1. Rounded to the nearest 500, what is the 222 nm mean residue ellipticity of the chain from helices alone, with -39500 (n - 2.57) per DSSP H run of 4+ residues and division by all residues?
2. Relative contact order of the chain: what whole-number percent is it, with Cα pairs under 8 angstrom and at least 6 residues apart?
3. Taking the mean number of other Cβ atoms within 10 Å as a proxy for protection, how do you rank 188-197, 161-170 from highest to lowest?
4. What full-extension length gain, to one decimal in nm, is calculated for LYS147 and GLN104 as 0.36 nm per residue of separation minus the Cα-Cα distance?
5. Once you have the Cα-Cα distance between ASP57 and LYS220, take 0.36 nm times their residue separation minus that, and quote the gain in nm to one decimal.
6. Roughly how many nanometres apart are two label points built 7 Å out from the Cα toward the Cβ at ARG177 and SER25?
7. Under the Kirkwood approximation for Rh and a Cα-based Rg, what ratio Rg/Rh is obtained for the range 144-183?
8. Separation between the ASP80 and LEU155 pseudo-spin-labels, each 7 Å from Cα along Cα→Cβ, expressed in nm?
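Read-outs: derived from the displayed coordinates by stated rules, not from any lab. Quick caveat: nothing in here was measured; it's all calculated off a predicted structure. Note that we place each Cβ from the backbone using ideal geometry, even for glycine, and neighbour counts take in every protein chain shown.
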Amino acid sequence: MSRHVLDALMPPHCPVSGELVAGPSLLSGAGWIALHFIEEPFCGRCGIPFAADYGDDVECPSCIASPPAFDRVRAAVVYDDASHKLIVGFKHSDRTELAPVFAQWLARAGASLLTVQSIITPTPLHPSRLLSRRYNQSAILAQALSKRTGASVALDLLERVRATPPQKNLSADARQRNVAGAFAVSESASAQIKGRHIVLIDDVLTTGATLSACARALKKAGAARVDGLIVAKVVKGGIGAI
Ligand SMILES: [Zn+2]
């Protein structure tokens, strides 16, 4: 069936505002306004926005008090009602046509992280969850970002060696315990990782516990540097955070 016939049968709607738009995966003006893109100044480590510019590479109190295992995280938008709608659609409703949109956002947010030497890799799902969801949304994002930037992508550097209960509704400490030791570098990937810069891709960052657990496993396997690039970040606890 042609695109025109499909559009006539199922006119495309903005995934944020629900208004009719000219084509699939396009956002309406109201949709764009509802999203909050993260701009500098922010914590040099976890990327949480600051209300004022404290200088380059200044870290937030929580990164200073307990430094995460990753080096830097950058996120495209604040996780709020608008970005939640987009991500839920992408994750659970097969709206994978949003991947190139998110890839564009990730490329912009990660411009200072990504180099030609970087290896992009997704946060892995446990095989049981992969089976129920049918696809790993982070892997789709990683592939779309690689296509857009030309950076290499490796889909199987990490394995989730232990199924973990969903992190939702857990405190920051409980999240850390929940994912501790849940990830390992796959045997075939060890040689690929040594001395390299790895960029982990995920859709949402809450406390960073999963990202830290992944970074720990990659560094144990010899990665020189591990950064994270995320579509939407929960924002609380920054210095005068928005
Ligand atoms: Zn921080």
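1. Values: 10 runs with 85 residues, N = 242.
Mean residue ellipticity at 222 nm (helix-derived): -9500 deg cm²/dmol.
2. Values: 450 pairs, mean separation 55.3, N = 242.
Relative CO of the chain lands at 23 percent.
3. Details: 188-197: 14.6, 161-170: 12.3.
By packing density, highest mean first, the sequence is 188-197, 161-170.
4. Details: separation 43, 0.36 × 43 = 15.48 nm, distance 1.03 nm.
The span from LYS147 to GLN104 would gain 14.4 nm if fully extended.
5. Details: separation 163, 0.36 × 163 = 58.68 nm, distance 2.48 nm.
Length difference between fully extended and current span is 56.2 nm.
6. Each label point is offset 7 Å from its Cα along the Cβ direction, giving 4.2 nm.
7. Rounded to two decimals, Rg over Rh is 1.17.
8. In this crude spin-label approximation the distance works out to 3.5 nm.
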